[in-house]
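The values are calculated or read from the model by the stated rules, or taken from the named source; none is laboratory data. Only a predicted model underlies this, so the values are computations on that prediction, with no experimental measurement involved. Note that each Cβ is placed from the backbone with ideal geometry, even for glycine, and that neighbours are counted across all protein chains shown. Calculation scope for accessible area: heavy atoms of the full protein, side chains included, ligands and nucleic acids excluded. Shrake-Rupley method; radii C 1.70, N 1.55, O 1.52, S 1.80 Å.
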Amino acid sequence: MSNRLEQVKNNLSNETYNKFALALPEEYLNSHSVEEIIADCNLMSNLNANNEYAIAIADGENTSDNIWQIKLIRYNDTVSLSRGLPIIENFGFRLPDEKTQKIKIAQDEKIYVCDFGVEVPEGLISKINDPELIEKLKTAIVAAFTRKIDSDNLNKLVLHSGLSARQVSLIRAIVKYMAQTNLPFSASYISDC
């Protein structure tokens, strides 16, 4: 057993370690820190058919200051780039990097880890240090992927203004109502205000 796996084992329950950590491919183990592996295994342990998504958002370890990592973990299905790209970009990010890894945990069970390297707009980089905003962002991104909220430009209000997914949904309803009253403001216009 590698030293890295030994460190992971000491910080996870036996069940979580045996089911998830031992299933991680060598490439995954070599490209993530011990802390990330432990956090990812704990997220994976909460996934099932009724709870398909888990998410982590962290400051990217890239040389660029404006890169964050959004790690979306999905049970038994992948997130295609064609689906993930517009959702992530509707939150106000640019997506220059995406890696997906498949982890086979049982004969008919798989977990996909989609690691998005996202570019954060200037002036918003320090928001990674706001735990309340990060929780709102995580909740809203998962809600968009599970189709509990619409995916449109209004979602960037979560990052830019600190609104919750529910608050953005209320604004979305007002915008749709305004469109019916023939007011000349589109959802894109309002989200840019």
Exercise for review: With the condition kept exactly as written, say whether any residue in the stretch 24-32 is assigned to a strand (DSSP E or B), of a type outside the set (S, T, Y) and open to solvent by 20 Å² or more (accessible area, probe 1.4 Å).
Suggested key: no
Practice item. Select, from E89, E98, the only residue that is within 14 Å of the chain's Cα centre (by Cα), closer than 24 Å to N46 by Cα and without any contact (Cβ under 8 Å) to a residue 40 or more places away in the chain. Key: E98
Exercise for review: May I ask you to verify whether I37 is crowded, with 16+ Cβ neighbours inside 10 Å, over 15 Å from the mean Cα position of the chain (by Cα), modelled with pLDDT of 90 or more and among the hydrophobic types (A, V, I, L, M, F, W, C)?
Suggested key: yes
Revision key, fill the gap. V113 vs (1) over 23 Å from I171 (Cα atoms); (2) surrounded by fewer than 18 Cβ atoms within 10 Å (Cβ to Cβ); (3) at pLDDT 85 or above: all pass except (2)
Exercise for review: Name, by its number, the condition in (1) modelled with pLDDT under 90; (2) under 27 Å from L137 (Cα atoms) that does not hold for I55.
Suggested key: (1)
Point to revise | helices (runs of 4 or more DSSP H) wholly inside the stretch 117-190 that include at least 3 residues being at pLDDT 95 or above and within 16 Å of the chain's Cα centre (by Cα) | key: 131-145
Practice item. Go over the candidates I190, I134, I125 one by one and state the one that is more than 20 Å from P86 (Cα to Cα) and open to solvent by less than 80 Å² (accessible area, probe 1.4 Å). Key: I125
Check your understanding: For I141, which of the numbered conditions (1) under 30 Å from A23 (Cα atoms); (2) open to solvent by 60 Å² or more (accessible area, probe 1.4 Å) fails to hold?
Key -> (2)
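What are the residues in the stretch 76-106 that are part of a loop (DSSP other than H, G, I, E, B) and either buried (at least 16 other Cβ atoms within 10 Å of the Cβ) or hydroxyl-bearing (S, T, Y) (or both), if any?
T78, V79, S80, N90, F91, G92, F93
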Check your understanding: Out of curiosity, is L47 touching a residue at least 60 places away in the same chain (Cβ under 8 Å), surrounded by 12 or more Cβ atoms within 10 Å (Cβ to Cβ) and out of contact with any helix residue (DSSP H, G or I) (no Cβ under 9 Å at 6 or more places or on another chain)?
Key -> yes
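Take T146 and tell me if it is hydroxyl-bearing (S, T, Y), surrounded by fewer than 17 Cβ atoms within 10 Å (Cβ to Cβ), closer than 22 Å to C41 by Cα and in contact (Cβ under 8 Å) with a residue 60 or more places away in the chain.
Taking the combined requirement at face value, the residue satisfies it.
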